[in-house]
Each structure stands twice: as structure tokens, then as C-alpha cells.
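> Next up is a structure, given as C-alpha cells.
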Amino acid sequence: AESSAMYAPGKIIRSGGSDPSITKTATIDMTAANPQWKPVQPMNFPRRRHNMVILADGQVMAVGGTRRADDVGDPLTLPGAVYEGEIWNPATEQWVVTAPMAVDRMYHSSAVLLPDGRVLTAGGEYSGRYTAQLFSPPYLFKGARPVINAAPSTAGYGAALPIDVGITDG
């Protein structure tokens, strides 16, 4: 099963799928007069049953999945689970490989962007996976970060919303 995500209004990316899995990636712009799937650079790893997460900077992360069936495999002889993540940039339509996960995340896993900009991935496959992992995308390490020093707890409709913002070295 391939995975997909809407990375901008009406713009969808679809990747992977099949068994054994494939690297194929394509996009479609549903706001175009005549929407058509357009092949883009394939992923670096064939994967199926992976998760795709829209990152805080608008890029898309493919995480988890497997090369065949739902088999962890043997990394040296016949790899199955895909541990490395990949981040797709809509501006360049290119994938970049990220650090590998410590635990395989295949069928029935999940991934979500957290409010602090990290990606939480959890669950997956056989015997249950009762653990979770956090991934810190590269944008978290690009220097000082904004911080909200003060903000009201409520705001009325159409009212001004004063927010005091500062910078931290993170």
C-alpha cells in the first residue's frame, strides 16, 4: 500500500506501495484545469505501508515501512524494514535521507508532527509495538528560535491579539 499526503492546498504526493515495494513517487495538483499525476524523483528506499508527515516547513517526511510483506528481514542478507526516513522538498522535488530509527515501524504504525516541530512515530506490526520514537527535523537546528513570552489565554472574534515574542538559542 502506497502512502500519500496533501502538502499544499490541492497538491498531493503519493509514494511507494506494491510487494515487493517500490520507490515510485508522483504528485498531482487538483487545482489545475486538467489534473494529471506527474512522476518526480523516486524515494531512495523502496517502501510500503509507510507514513508521510507534513513538516512545519512544508516539506514531507516518509518514515517507516518495509521493502516486502511485513517482514523485518535481516539487514545484512535480505532487508525488510526501512529504518531510514526521507524528507521530500516540494520546491526541488528531491528526497534527502535522514538518520535511521532505532525500531522498525511497519504496518499499523503512525507518525504525527508535534507542536514543537518534532515527529513522533509509534506502533507497528507483529506482537505490537508499545514504544515510540522522536525525530528532530533539520530545521530545529538552524539557529535561534522564536519563543512566545506572553499571550492572552482568550481572544474575542475580530479583536486584536497582542503576543510578546522573543528569540532563544534553542
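The values are calculated or read from the model by the stated rules, or taken from the named source; none is laboratory data. Quantities reported herein were computed from a predicted structural model and do not represent experimental measurements. All Cβ positions, even for glycine, are placed from backbone atoms using ideal geometry, and neighbour counts span all protein chains on display. Calculation scope for accessible area: heavy atoms of the full protein, side chains included, ligands and nucleic acids excluded. Shrake-Rupley method; radii C 1.70, N 1.55, O 1.52, S 1.80 Å.
> For the subset of region 97-124 comprising residues that are of a type in the set (A, V, I, L, M) and exposed (fewer than 14 other Cβ atoms within 10 Å of the Cβ), which member is nearest to the chain's Cα centre (by Cα)? So that I can check it myself, show each step before the final result.
Applying the first criterion (of a type in the set (A, V, I, L, M)) to region 97-124 yields 97, 99, 101-103, 106, 111-114, 119-120, 122.
Keeping just the survivors that are exposed (fewer than 14 other Cβ atoms within 10 Å of the Cβ) gives 97, 99, 102, 112, 114.
On the way: Val97: 12, Ala99: 13, Ala102: 17, Val112: 8, Leu114: 11 Å.
Filtering region 97-124 for residues that are of a type in the set (A, V, I, L, M) and exposed (fewer than 14 other Cβ atoms within 10 Å of the Cβ), the one nearest to the chain's Cα centre (by Cα) comes out as Val112.
> Of the conditions (1) over 15 Å from Ala62 (Cβ atoms); (2) open to solvent by less than 60 Å² (accessible area, probe 1.4 Å); (3) part of a loop (DSSP other than H, G, I, E, B), Thr154 clears all except one; give me its number.
It is condition (2) that Thr154 fails.
> Next question, about the same structure. Filter region 1-22 for residues that are open to solvent by less than 40 Å² (accessible area, probe 1.4 Å) and either touching a Lys or Arg at 6+ places or on another chain (Cβ under 8 Å) or in contact (Cβ under 8 Å) with a residue 24 or more places away in the chain (or both) and give the result.
Selection gives Ser3, Ala5, Ala8, Ile13, Ser15, Gly16, Gly17, Ser21.
> When you go through (1) within 17 Å of Gln133 (Cβ to Cβ); (2) in contact with a Leu (Cβ under 9 Å, 6 or more places away or on another chain); (3) of a type outside the set (Lys, Arg); (4) assigned to a loop (DSSP other than H, G, I, E, B) one by one for Val112, which number turns out not to apply?
The single condition Val112 does not satisfy is (4).
> To continue, here is another question. If a residue must be acidic (Asp, Glu) and at pLDDT 95 or above, how many such residues does region 108-123 contain?
So the count comes out to 0.
> May I ask you to verify whether Val82 is crowded, with 17+ Cβ neighbours inside 10 Å and under 21 Å from Pro115 (Cα atoms)? Explain how you work it out, then say what you get.
Working: crowded, with 17+ Cβ neighbours inside 10 Å: yes; under 21 Å from Pro115 (Cα atoms): no.
In short, no.
> May I pose another question? Does Val63 satisfy the criteria of being of a type in the set (A, V, I, L, M), surrounded by 13 or more Cβ atoms within 10 Å (Cβ to Cβ), at pLDDT below 95 and within 20 Å of Ala99 (Cβ to Cβ)? Explain how you work it out, then say what you get.
Working: of a type in the set (A, V, I, L, M): yes; surrounded by 13 or more Cβ atoms within 10 Å (Cβ to Cβ): yes; at pLDDT below 95: no; within 20 Å of Ala99 (Cβ to Cβ): yes.
For Val63, the condition - of a type in the set (A, V, I, L, M), surrounded by 13 or more Cβ atoms within 10 Å (Cβ to Cβ), at pLDDT below 95 and within 20 Å of Ala99 (Cβ to Cβ) - is not met.
> Any chance you could count how many residues in region 68-107 are touching a Gly at 6+ places or on another chain (Cβ under 7 Å), assigned to a strand (DSSP E or B) and modelled with pLDDT under 85?
2
> Yes or no: region 23-33 includes at least one residue that is surrounded by fewer than 18 Cβ atoms within 10 Å (Cβ to Cβ), touching a residue at least 60 places away in the same chain (Cβ under 8 Å) and not small (Gly, Ala, Ser).
No, because not a single residue in region 23-33 is surrounded by fewer than 18 Cβ atoms within 10 Å (Cβ to Cβ), touching a residue at least 60 places away in the same chain (Cβ under 8 Å) and not small (Gly, Ala, Ser).
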